[in-house]
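The values are calculated or read from the model by the stated rules, or taken from the named source; none is laboratory data. Treat the numbers as computed from the prediction; the structure is a model and nothing was measured. Ideal geometry is used to build each Cβ from the backbone, glycine not excepted, and the neighbour counts take in all protein chains shown. Just the protein is used for accessible areas: all its heavy atoms, side chains included, with ligands, DNA and RNA removed. Shrake-Rupley method; radii C 1.70, N 1.55, O 1.52, S 1.80 Å.
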Amino acid sequence: MNWIERGWYKQHKGTYLLLPLTLIFWLLSALRRCLFKLGIKKSYRSSKPVIVVGNITVGGTGKTPFVIWLVEYLQQQGLKPAVISRGYGGQIKQGAHLITVEDSAELVGDETCLIADRTGVPVVVGANRADCCKLLEQQADVDIIISDDGLQHYALQRDIEIILLDGNRLLGNGLLLPAGPLREGAWRLNSSALVITNGQVSNPFTTDYFVVEPQGLKAVNPKYNNKVFSIDTAYHAVCAIGNPQRFYDSLAQENIQILEYHHFLDHHKFNAADFDFLNEQPVIMTEKDAVKCQNFAKDNWCYLPIGIQPNQNFVEELTAKLKQTRKNYGI
């Protein structure tokens, strides 16, 4: 955690010096929302229902495993979902791109590559989410679209919003960027009927939560898929995610022994040289990081895949909203 992040989460007060910049950020973001609300800036209404999954804070909230769960939930409801995303960390800067099995995490982004691999549904990356929707409407057999991390992308209209909170860090010091971790103020939580916390933590914003469920160690390099990894082995834990403590907590939950912890910046583009210091010792990483290391991973490198399970009340609320949305679209 860098100096700014420590200030966000109340470990010092130095970030209060950034309040003038926060005021500018607030003015610009409020003006932008107002322009969309007045119709001066145009927004796109897809011919398919859109579910937006996002957060109002910077940093990890478990959004990727939640999107994977949501895809599977929609499939269980008899729907054919697809996912659109910015593809952060990837190389798609213009237009929209439908991910294929040949695409690398370097090209399309680690999170979107993981979602495509795990779900097998159409996944489109692009800076303009309206263009992503149009591509799906033209080229894919889908009847509902999930917008991954598109909460502040008001250029795309949505039918259902799901806002995720980090149960450990919540809203930090409650300030907007850059003095705090918020993309939008806490008021934004009141604008959505579906707010859910990563972890069963009492908080003033929602009673809904999801729990993380580790699913057993797997080889990073697919050619070692038959290898069995033991929790009795001591590993070097390596990750490049927004909230590494969640990964470390999952390792502790599984009683996995750790030699040392190594945290890189979120979405770090790993290469073999990043691991030279390990001297061939065993490595354990997140699934999101594993998709970037498949081509050079050793036979003693593994990752810990996870799933999530929301509480029953959240599932029932989502089911009710989905039922109404399907009725509106005749699906």
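What about Y44, is it modelled with pLDDT of 95 or more and among the hydroxyl-bearing types (S, T, Y)?
Against the criterion (modelled with pLDDT of 95 or more and among the hydroxyl-bearing types (S, T, Y)), Y44 qualifies.
So, in the range 50-72, how many residues would count as being over 14 Å from I162 (Cα atoms) and either aliphatic (A, V, I, L, M) or over 11 Å from the mean Cα position of the chain (by Cα) (or both)?
Total meeting the criteria: 2.
Considering every residue within the range 201-216, establish whether at least one is open to solvent by less than 30 Å² (accessible area, probe 1.4 Å), among the β-branched types (V, I, T) and under 28 Å from D289 (Cβ atoms).
Looking through the range 201-216, none of the residues is open to solvent by less than 30 Å² (accessible area, probe 1.4 Å), among the β-branched types (V, I, T) and under 28 Å from D289 (Cβ atoms).
With respect to E72, determine if the residue is under 26 Å from I115 (Cβ atoms) and at pLDDT 95 or above.
So E72 fits the description; yes.
I'm checking my understanding of the structure. Among residues of the range 1-35 that are open to solvent by less than 50 Å² (accessible area, probe 1.4 Å) and under 26 Å from Q157 (Cα atoms), which one is farthest from the chain's Cα centre (by Cα)?
L35
Conditions (1) surrounded by fewer than 20 Cβ atoms within 10 Å (Cβ to Cβ); (2) among the β-branched types (V, I, T); (3) farther than 23 Å from L322 by Cβ, marked per residue:
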| position | (1), (2), (3) |
| --- | --- |
| K37 | yes, no, yes |
| K41 | yes, no, yes |
| R45 | yes, no, no |
| V50 | no, yes, no |
| V58 | yes, yes, yes |
| T64 | no, yes, no |
| L70 | no, no, no |
| Q76 | yes, no, no |
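Can you name the residue in the range 239-256 that is among the polar types (S, T, N, Q) and surrounded by 15 or more Cβ atoms within 10 Å (Cβ to Cβ) and is also farthest from Y9 (Cα to Cα) among such residues?
S250
Among the residues of the range 217-238 satisfying the criterion of being within 15 Å of K288 (Cβ to Cβ) and not β-branched (V, I, T), which is least open to solvent (accessible area, probe 1.4 Å)?
The selected residue is A237.
Restricting attention to the range 169-187, which residues are open to solvent by 10 Å² or more (accessible area, probe 1.4 Å) and touching a helix residue (DSSP H, G or I) at 6+ places or on another chain (Cβ under 7 Å)?
Within the range 169-187, L171, G172, N173, G174, L175, L176, L177, P178 qualify.
Can you tell me which condition K223 does not meet? The list is (1) on the phi < 0 side of the Ramachandran plot; (2) within 19 Å of the chain's Cα centre (by Cα), and all the others hold.
(2)
Give the range 188-200 a look and list any residue that's open to solvent by less than 20 Å² (accessible area, probe 1.4 Å) and touching a strand residue (DSSP E or B) at 6+ places or on another chain (Cβ under 7 Å), or say none.
Listed by number, the residues that qualify are L189, S192, L194, V195, I196, T197, N198, G199.
Tell me, which strands (runs of 3 or more DSSP E) wholly within the range 260-312 include 2 or more residues that are buried (at least 17 other Cβ atoms within 10 Å of the Cβ), touching a Gly at 6+ places or on another chain (Cβ under 9 Å) and in contact (Cβ under 8 Å) with a residue 12 or more places away in the chain?
In the range 260-312, 306-310 are the strands (runs of 3 or more DSSP E) which contain 2 or more residues that are buried (at least 17 other Cβ atoms within 10 Å of the Cβ), touching a Gly at 6+ places or on another chain (Cβ under 9 Å) and in contact (Cβ under 8 Å) with a residue 12 or more places away in the chain.
Sort out which residues of the range 93-110 are farther than 11 Å from D131 by Cβ and either in contact (Cβ under 8 Å) with a residue 60 or more places away in the chain or touching a strand residue (DSSP E or B) at 6+ places or on another chain (Cβ under 6 Å) (or both), and write them in order of number.
Passing the criteria: L98, I99, A105, E106, V108, G109, D110.
Exactly one of (1) modelled with pLDDT under 95; (2) within 22 Å of R183 (Cα to Cα); (3) touching a Lys or Arg at 6+ places or on another chain (Cβ under 6 Å) is unmet by A105. Its number?
(2)
Residues are listed down the side, and each one gets a yes or a no for (1) at pLDDT 95 or above; (2) under 18 Å from K63 (Cβ atoms); (3) out of contact with any Pro (no Cβ under 7 Å at 6 or more places or on another chain):
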{"residue": "A116", "(1), (2), (3)": "yes, yes, yes"}
{"residue": "V125", "(1), (2), (3)": "yes, yes, yes"}
{"residue": "A140", "(1), (2), (3)": "yes, no, no"}
{"residue": "Y154", "(1), (2), (3)": "yes, no, yes"}
{"residue": "R158", "(1), (2), (3)": "yes, yes, yes"}
{"residue": "N168", "(1), (2), (3)": "no, yes, yes"}
{"residue": "N173", "(1), (2), (3)": "yes, no, yes"}
{"residue": "L182", "(1), (2), (3)": "yes, yes, yes"}
{"residue": "R188", "(1), (2), (3)": "yes, yes, yes"}
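Report, by residue number, each residue of the range 203-222 that is of a type in the set (D, E, K, R) and modelled with pLDDT under 95.
The answer is E213, and nothing else.
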